[in-house]
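S.K.: I'd like to ask you about the structure that follows.
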Amino acid sequence: MPQPSPVRPRTAPRTNTTLNSIALNGIARVWRLPCAFAGLLIVSGSLSASAALAQDTQAPPRLEDLIPDSAVENPEDWADDIDTANTPVDELSEPVLEPNSPLAELPAMEVPWPDEQLELPELVRLPRDETIEFAEVEGIEGQETDDEFAALADAQLEQVNDQLTLAFPVEAASFPVREEFVSRFKALSTIESLSDEEGSIAQLAARARADEELLEQLLEIYGYYDAQIIRSVSGRTGRREQAAGSEAPPERAAQAKPSVRFDIIPGPLFRFGAINLGELSQAPDAGALRQAFEINTGDPLSSDAIVEEQIDLDVALGETGYPFAEINEPELLVDHARTEGDLTMIVLPKGKYVFGNVISDMPEFLSSKHLETIARFDEGDVYQRSLALDLRRAITATGLVSTVVVTPREVTPPSGDQPGVVAMDVALTEAPLRTIAGAIGYGTEEGIRVAASWEHRNLFPSEGALRLRGIIGTQEQLAGITFRKNNFGGRDRVLTLDAYASTVDNNAFDANTAALVGTYERVSNLLFQKPFSWGVGFELLATAERPAGVDGLQEERQTYFIAALPVRGLIDSTDDLLDPTEGFRLGARLSPEISRSEGTESFYLRSQVDASYYKQINDKVVLATRARFGSIPGTALQNIAPSRRFYAGGGSSVRGYGYQAIGPQDTLGEPSGGRSLVELSFEARIKTGFFDGALAVVPFVDAGSVGTGPTPDFDDIRIGAGVGVRYYTGFGPIRVDVATPINPGPNDSPIAVYVSLGQAF
């Protein structure tokens, strides 16, 4: 067996004899044999060093010096005979140390032990702010609640959801923007956005930290830079009761779900201090521009106000002649000592300018002169950014370009009080110019109608279009050619010349017509819906007409030569050109006409008034109503060509009746038309949830009457009712209506179906 290394024992201080006697007695009993054997090994291993130690009289006693000879000669007998309990202590070990004996020097101890007890200063609690009241928060997760500094007492609570509550001071004056603040917080809150997801209290605590940062940001936006937010995460009650296997009492059931409460102490409202707007004061319109920036020293500090007023100032610069103005990013220096924020927003006006010429980069396609006609400004007018944007939109509305870029370019710099001049450079990208279009319609009385057209929209630059069109249907066939010049003589003014030949064979008449029609009008379009539009024109017609045949019997055709000068006007306050939901339309058409037929010349006036009104009840329901009145004074009914008389009935008139089927009838029982007209319609457009809200149901009621005299006749009013559906697309609603006559005549069908594009009115 390997021999153990020599070990020099250390003397440990003793406090009393009894303690050491018990310790030695225990050692003797437990380590009897090992001690005896170990003693022999230690003695034998140390004999060589005993002589040297004996020479040092001051050396401390060694372990082998303390072992008696009897233990070395017979260790087992010595261990059995020893009586440690009765052996004097001085025979077993060193003398007892006194309690006040100094400690032995410890190695590597360089810091001196203090001779006196350290006197630590007493912690002093800061004085309580009596203007703020606090209340205890129960169940704060992971910490003990200090009742005095936990939360607001008598707080105004805003329950965001079942897991999130905001607490504000009761005094409304301390935080007057509370409602707006809460609404904004709800829209951005992490807890609110994830309220439908289950999560642990740890997840809720993480979301609460994110919401706390959000609250801090919002408070600073509203000018509260010294606000305090106390976040409390609660939920221990429910977990303890569940762990115990018991059901939570009803009064504490609401606390079983983890929840968060934020107590918000806004603190003082900071205000604007110094305001630096750079070179704005050097602009010619400095006073008016400064008024556009409505932030002054002493106003409540608000980041929203800075953004809003920066936009207002930018608009003012752009609308008063500063096309090259620049506004640097605003900087806010917050001084907590003054409770103010100094705003620096460098403005560089860079001179005032007026409009010069409009320059096209494709003069053969759209000339500069034509673009100046489109523009709503003249040379020399003060530059306005909105007018430059309007020019871009107007060029886009022509349908001839795919992209438009309008850029102001300095021609003459400002000099003294004289503004500079900017030319408007227009960069164009040509769009496809040829269009093929088609439409299909069906009505139980009108039959099938198929229309097709081909158009080149810039065959005669600038904006001179040529269109070929044709119609094939059960009751109508037509071929025509149309020339149209957009923006002719002014913005949104259109010159149209149309020549066509048609055959119409319906229940009222059979007409073969050749016509030349010209109009000059100011029109609305999808980009620019006009509050007032108008049109003037002329019509030259040669038409051979006769009443509709019955059972194969046909009357002789009568030829009419007609010249007319129609004028029209329309007031439109609706919110949409194709599918209005609010507003009204009021239009009138007057057409003085002269007609010659079989040697008889007649003068008469065709007049018609249309009115419609639209009212949105809620997000899903729109009520619409329409009225139409017409009159033809000046001559007898037989002197007016059948195609120029008034008729009623059909999908755009009184639904439930055949096309032009309402009104006076001839001896064969066919509609003969009249000189007066009245129509009334009412419908409710109700959107459904089907097809993502694109489908609507439309119940409707229509009524109409046609009289032989120039005054509307209300004695024989026909009423139709039904229901339709609308499927809303990007290019307008698709309409399908099913109607039935309420008081039908002997020849009226019980059901009528109408399919078309767009609303009935």
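The values are calculated or read from the model by the stated rules, or taken from the named source; none is laboratory data. Since we're looking at a predicted model, the values are computed, not measured. For neighbour counting, all protein chains shown are included, and Cβ atoms are generated from backbone atoms with ideal geometry for every residue, glycine included.
S.K.: Please work out if GLY267 is modelled with pLDDT under 95, in contact with a Phe, Trp or Tyr (Cβ under 9 Å, 6 or more places away or on another chain), outside any helix (DSSP H, G or I) and not charged (D, E, K, R).
M.R.: Criteria met by GLY267.
S.K.: Please count how many residues of segment 637-683 are in a loop (DSSP other than H, G, I, E, B), within 26 Å of VAL753 (Cα to Cα), within 57 Å of the chain's Cα centre (by Cα) and not polar (S, T, N, Q).
M.R.: Going through segment 637-683 one residue at a time, the tally reaches 15.
S.K.: Since ASN357 meets every condition but one in (1) over 30 Å from ASN296 (Cβ atoms); (2) at pLDDT below 95, which condition does it not meet?
M.R.: (2)
S.K.: While we're on this one: With (1) surrounded by 15 or more Cβ atoms within 10 Å (Cβ to Cβ); (2) of a type in the set (D, E, K, R); (3) in contact with a His (Cβ under 9 Å, 6 or more places away or on another chain) as the list, and ARG434 as the residue in question, which single condition is left unmet?
M.R.: For ARG434, the exception is condition (1).
S.K.: Looking for something part of a helix (DSSP H, G or I) and among the aliphatic types (A, V, I, L, M) - is there at least one such residue anywhere in segment 619-636?
M.R.: no
S.K.: Also: Here is a check on your reading of the model: is ALA752 crowded, with 17+ Cβ neighbours inside 10 Å and under 33 Å from the mean Cα position of the chain (by Cα)?
M.R.: Criteria not met by ALA752.
S.K.: Return only the number of the condition from (1) closer than 25 Å to GLU463 by Cβ; (2) free of Cβ contacts under 8 Å to residues at least 24 places away in the same chain that SER415 does not satisfy.
M.R.: Every condition holds for SER415 apart from (1).
S.K.: Can I ask one more? Looking at PRO664, PRO712, which one is in contact with a strand residue (DSSP E or B) (Cβ under 6 Å, 6 or more places away or on another chain), of a type outside the set (A, V, I, L, M), at pLDDT below 85 and surrounded by 15 or more Cβ atoms within 10 Å (Cβ to Cβ)?
M.R.: Testing whether each residue is in contact with a strand residue (DSSP E or B) (Cβ under 6 Å, 6 or more places away or on another chain), of a type outside the set (A, V, I, L, M), at pLDDT below 85 and surrounded by 15 or more Cβ atoms within 10 Å (Cβ to Cβ) leaves just PRO712.
S.K.: Then there's this: Assuming PHE691 fulfils every condition listed in (1) assigned to a helix (DSSP H, G or I); (2) surrounded by 17 or more Cβ atoms within 10 Å (Cβ to Cβ); (3) not acidic (Asp, Glu) apart from one, which condition is it?
M.R.: With respect to (1) assigned to a helix (DSSP H, G or I); (2) surrounded by 17 or more Cβ atoms within 10 Å (Cβ to Cβ); (3) not acidic (Asp, Glu), PHE691 is out only on (2).
S.K.: So, ARG626, is that one modelled with pLDDT of 95 or more and over 28 Å from VAL753 (Cβ atoms) or not?
M.R.: For ARG626, the condition - modelled with pLDDT of 95 or more and over 28 Å from VAL753 (Cβ atoms) - is not met.
S.K.: Give all pairs with beta carbons closer than 9 Å in which a residue from segment 596-617 that is over 30 Å from ARG685 (Cα atoms) meets a residue that is surrounded by 16 or more Cβ atoms within 10 Å (Cβ to Cβ) and among the acidic types (Asp, Glu); count only pairs at least 6 apart in sequence or on separate chains.
M.R.: Close Cβ pairs (under 9 Å, with a partner that is surrounded by 16 or more Cβ atoms within 10 Å (Cβ to Cβ) and among the acidic types (Asp, Glu)) amount to SER602/GLU593; PHE603/GLU593; TYR604/GLU593; LEU605/GLU593; ARG606/GLU593.
S.K.: With respect to ALA648, is the statement that it is among the hydrophobic types (A, V, I, L, M, F, W, C) and surrounded by fewer than 18 Cβ atoms within 10 Å (Cβ to Cβ) true?
M.R.: no
S.K.: What are the residues in segment 482-504 that are surrounded by fewer than 17 Cβ atoms within 10 Å (Cβ to Cβ) and of a type outside the set (Phe, Trp, Tyr), if any?
M.R.: GLY489, GLY490, ARG491, LEU497, ALA499, ALA501, THR503
S.K.: Checking the conditions here, which among THR482, THR474 is within 22 Å of VAL504 (Cα to Cα) and at pLDDT below 95?
M.R.: Every option except THR474 fails the conditions.
S.K.: Please go through (1) closer than 30 Å to GLY651 by Cβ; (2) in contact (Cβ under 8 Å) with a residue 24 or more places away in the chain for VAL401 and return the number of the only condition it doesn't satisfy.
M.R.: Evaluating VAL401 over (1) closer than 30 Å to GLY651 by Cβ; (2) in contact (Cβ under 8 Å) with a residue 24 or more places away in the chain leaves (1) as the failure.
S.K.: Out of (1) surrounded by 14 or more Cβ atoms within 10 Å (Cβ to Cβ); (2) modelled with pLDDT under 95; (3) not charged (D, E, K, R); (4) not in a loop (DSSP other than H, G, I, E, B), what's the single condition that is false for PRO284?
M.R.: Unmet condition: (4).
S.K.: Please go through segment 576-618 and pick out each residue that is farther than 26 Å from LEU695 by Cβ, of a type in the set (Gly, Ala, Ser) and in a strand (DSSP E or B).
M.R.: GLY587, ALA588, SER591, SER595, SER597, SER602, SER607, ALA611, listed by residue number.
S.K.: Tell me, please, whether a residue that is farther than 15 Å from GLY650 by Cα and not in a loop (DSSP other than H, G, I, E, B) can be found in segment 714-723.
M.R.: Taking every residue of segment 714-723 in turn, none turns out to be farther than 15 Å from GLY650 by Cα and not in a loop (DSSP other than H, G, I, E, B).
S.K.: A follow-up question, please. Which of (1) more than 44 Å from the chain's Cα centre (by Cα); (2) surrounded by 17 or more Cβ atoms within 10 Å (Cβ to Cβ); (3) at pLDDT 90 or above; (4) not acidic (Asp, Glu) does TYR613 not meet, given it meets every other one?
M.R.: Going through the list (1) more than 44 Å from the chain's Cα centre (by Cα); (2) surrounded by 17 or more Cβ atoms within 10 Å (Cβ to Cβ); (3) at pLDDT 90 or above; (4) not acidic (Asp, Glu), TYR613 breaks only (1).
S.K.: Hey, can you tell me all the residues within segment 287-329 that are crowded, with 19+ Cβ neighbours inside 10 Å, out of contact with any Asp or Glu (no Cβ under 6 Å at 6 or more places or on another chain), part of a loop (DSSP other than H, G, I, E, B) and free of Cβ contacts under 8 Å to residues at least 40 places away in the same chain?
M.R.: Answer for segment 287-329, where residues must be crowded, with 19+ Cβ neighbours inside 10 Å, out of contact with any Asp or Glu (no Cβ under 6 Å at 6 or more places or on another chain), part of a loop (DSSP other than H, G, I, E, B) and free of Cβ contacts under 8 Å to residues at least 40 places away in the same chain: just ALA325.
Let's see how each residue does on (1) within 29 Å of ASN486 (Cβ to Cβ); (2) among the aliphatic types (A, V, I, L, M); (3) loosely packed, with under 14 Cβ neighbours inside 10 Å; (4) in the same structural domain as ALA465 (by TED's automatic domain parsing):
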site	(1), (2), (3), (4)
TYR383	yes, no, no, no
ALA388	yes, yes, no, no
ILE395	yes, yes, no, no
SER402	yes, no, yes, no
VAL405	yes, yes, yes, no
PRO408	yes, no, no, no
THR412	no, no, no, no
GLY416	no, no, yes, no
VAL422	yes, yes, no, no
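S.K.: Let me ask something additional. Are any residues in segment 439-485 among the polar types (S, T, N, Q), touching a Ser or Thr at 6+ places or on another chain (Cβ under 6 Å) and under 30 Å from PHE365 (Cβ atoms), and if so, which ones?
M.R.: SER462
S.K.: Here is a further query. Cβ-Cβ distance below 7 Å, separation of 6 or more or different chains: which pairs start in segment 451-475 with a residue that is under 14 Å from LEU497 (Cβ atoms) and end on one that is surrounded by fewer than 15 Cβ atoms within 10 Å (Cβ to Cβ)?
M.R.: Taking only residues 6 or more apart or on different chains, the pairs are ALA465/HIS456; ALA465/LEU459; LEU466/HIS456; LEU466/LEU459; LEU468/TRP454; LEU468/ILE481.
S.K.: Another question about this same structure. Scan segment 361-376 and tell me whether some residue there is assigned to a strand (DSSP E or B) and either of a type in the set (Asp, Glu) or modelled with pLDDT of 95 or more (or both).
M.R.: No, there is no match, as no residue in segment 361-376 is assigned to a strand (DSSP E or B) and either of a type in the set (Asp, Glu) or modelled with pLDDT of 95 or more (or both).
S.K.: Kindly indicate whether any position in segment 620-636 is without any contact (Cβ under 8 Å) to a residue 60 or more places away in the chain, over 23 Å from THR708 (Cα atoms) and under 54 Å from the mean Cα position of the chain (by Cα).
M.R.: yes
S.K.: Scan segment 689-714 residue by residue and report those that are closer than 22 Å to THR581 by Cβ and either free of Cβ contacts under 8 Å to residues at least 40 places away in the same chain or more than 49 Å from the chain's Cα centre (by Cα) (or both).
M.R.: Once the filter is applied, which keeps residues that are closer than 22 Å to THR581 by Cβ and either free of Cβ contacts under 8 Å to residues at least 40 places away in the same chain or more than 49 Å from the chain's Cα centre (by Cα) (or both), segment 689-714 yields GLY689, PHE690, PHE691, ASP692, GLY693, ALA694, LEU695, ALA696, VAL697, VAL698, PRO699, VAL701.
S.K.: Kindly provide the set of residues from segment 683-731 that are within 30 Å of GLY634 (Cα to Cα) and of a type in the set (Lys, Arg), ordered by number.
M.R.: Answer for segment 683-731, where residues must be within 30 Å of GLY634 (Cα to Cα) and of a type in the set (Lys, Arg): just ARG718.
S.K.: Does VAL406 satisfy the criteria of being among the hydrophobic types (A, V, I, L, M, F, W, C), touching a helix residue (DSSP H, G or I) at 6+ places or on another chain (Cβ under 6 Å) and free of Cβ contacts under 8 Å to residues at least 40 places away in the same chain?
M.R.: When the stated conditions are applied, VAL406 passes them.
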